[in-house]
1. For the range 156-194: of the residues being touching a helix residue (DSSP H, G or I) at 6+ places or on another chain (Cβ under 9 Å) and assigned to a strand (DSSP E or B), which is modelled with the highest pLDDT?
2. Working only within the range 29-41, note down all residues that are over 19 Å from residue 165 (Cβ atoms) and either part of a helix (DSSP H, G or I) or touching a strand residue (DSSP E or B) at 6+ places or on another chain (Cβ under 6 Å) (or both).
3. Looking only at residues that are free of Cβ contacts under 8 Å to residues at least 60 places away in the same chain and either over 19 Å from the mean Cα position of the chain (by Cα) or over 17 Å from residue 425 (Cα atoms) (or both) in the range 288-297, which one is surrounded by the most Cβ atoms within 10 Å (Cβ to Cβ)?
4. Residues that are crowded, with 21+ Cβ neighbours inside 10 Å and over 39 Å from the mean Cα position of the chain (by Cα): does the range 467-484 have at least one?
5. Of the numbered conditions (1) loosely packed, with under 14 Cβ neighbours inside 10 Å; (2) within 29 Å of the chain's Cα centre (by Cα); (3) under 14 Å from residue 254 (Cα atoms), residue 420 fails exactly one; give the number of that condition.
6. Looking only at residues in the range 452-463 that are buried (at least 17 other Cβ atoms within 10 Å of the Cβ) and under 36 Å from the mean Cα position of the chain (by Cα), which one is modelled with the lowest pLDDT?
7. Need the failing condition index for residue 429 against (1) at pLDDT 85 or above; (2) over 33 Å from the mean Cα position of the chain (by Cα); (3) surrounded by fewer than 18 Cβ atoms within 10 Å (Cβ to Cβ), just the number.
8. Any idea which residue in the range 412-426 is modelled with the lowest pLDDT, counting only those that are over 22 Å from residue 385 (Cα atoms) and outside any helix (DSSP H, G or I)?
């Protein structure tokens, strides 16, 4: 299907100015036609086709020109088509045969009907350079001439545009009154921050009709507007260039939860963005898909191949998803002329219509602490808020480290936690965890009370992941806010040193510790390594019978990574 920019529809050769000379012709049915008295003075537009019967391109374009005539009313309305032969050898009988051959239903005349005199002004450079047949001319009700209008079977828009312009020309001097009103003008409004890249008129019922591009979203009769337009819709479109992850977070899940529970209804743009399963409804299955995306289990929505969508009447609360509106309905005010553009899954960004979401990420942050301690099986990690937080609706975060061996992941005192709330990606060395309040009413997080905990056999050094926005969503004074999470790590396993005791004897040295001793090295006062052991035990006996008398140093490394230097003297 072809697309036409409206700035191209008005050809620079279509100039108004010089007035058409009057003429009188007699068609092949012996009916007399006077340009001004019969048509222009009666507020009609006349479309002339200069041709001759044996002209190949004239014959080729004849069916399309007849269709244009029918489209504009076949003379019954304000547009009259006529065709005039430019050659002396044509006569009215030949023109009649031509018309019959092509099924033409508008009048035509040849030399014996006065066509040569009528066409002469358009062949003598009075209106522009004449280049042969077929030549198409549009004459406005005030006599102004639009000369050499482009037309063929595949490009009808310039002719339609010229006719539309002629119907609106202001009448002055000789001629009838022209209707200068643009009755079908309208504009659309984009009420979202995101804007469409294109706005089209498109006939979705009949693919053979042309489609028009209106980049500004405003139509002021610059070009032909189909009189029969039942299938024509206004359709804004957004180029699908972007990142599916942008803006999608647990804050969006909160709004969906509130909608499902009947606590806060989604507006129509939010509704369309939340329907990531493309079921024309918003359900818990959409929440599951959004969770998977946030956690990194998936990298796109399974049923959505796009990043952005467009919604008509975005601030309404009808629950109807539609990216288009009928032109007739917009003109009759049956349909809204407002549209919004949104990012699938990013429901919060569409909340500006309802004033229910304040994006304060740039100005607010909430502190969380990760405390690391020793455990019987290795190390324990506990995450808790630094201060009390009331009304918590959701949170999400990501940590970077090799978490492949962690176990016993648990959320304490928080409802609705299950294995679907976290995901360990071994390839990316990342742990992602999300939670949203099933009641959507808000939970109370108490300072220094552990919320999340897990165990690891080895000491880890977790850092905030750059692959996911770490944020917490909560109710503050009746509004919903999403703030950054800032992590602080307290490593008690390292800062609290485990003392290794040394008990010497004549033939050995015994090392004991509350922690596992992973490695031991013995060196003399000259720095020469004499013994190296990897006991992985809390008690180690080092034989010294074979050592010479003197001063020795023992370097012991415990499981928490702490190094300790001990000295003993053999006598």
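1. Only one residue tops the list, namely 194.
2. Across the range 29-41, the qualifying residues are 32, 33, 34, 36, 37, 38, 41.
3. 290
4. No, the range 467-484 contains no residue that is crowded, with 21+ Cβ neighbours inside 10 Å and over 39 Å from the mean Cα position of the chain (by Cα).
5. The number of the failed condition is (3).
6. 452
7. That leaves (2) as the condition not met.
8. This residue is 426.
The values are calculated or read from the model by the stated rules, or taken from the named source; none is laboratory data. Predicted, not measured: the structure shown is a model, and the values here were computed from it. With ideal geometry, Cβ positions are generated from the backbone for all residues, glycine too; neighbour counts draw on all protein chains shown.
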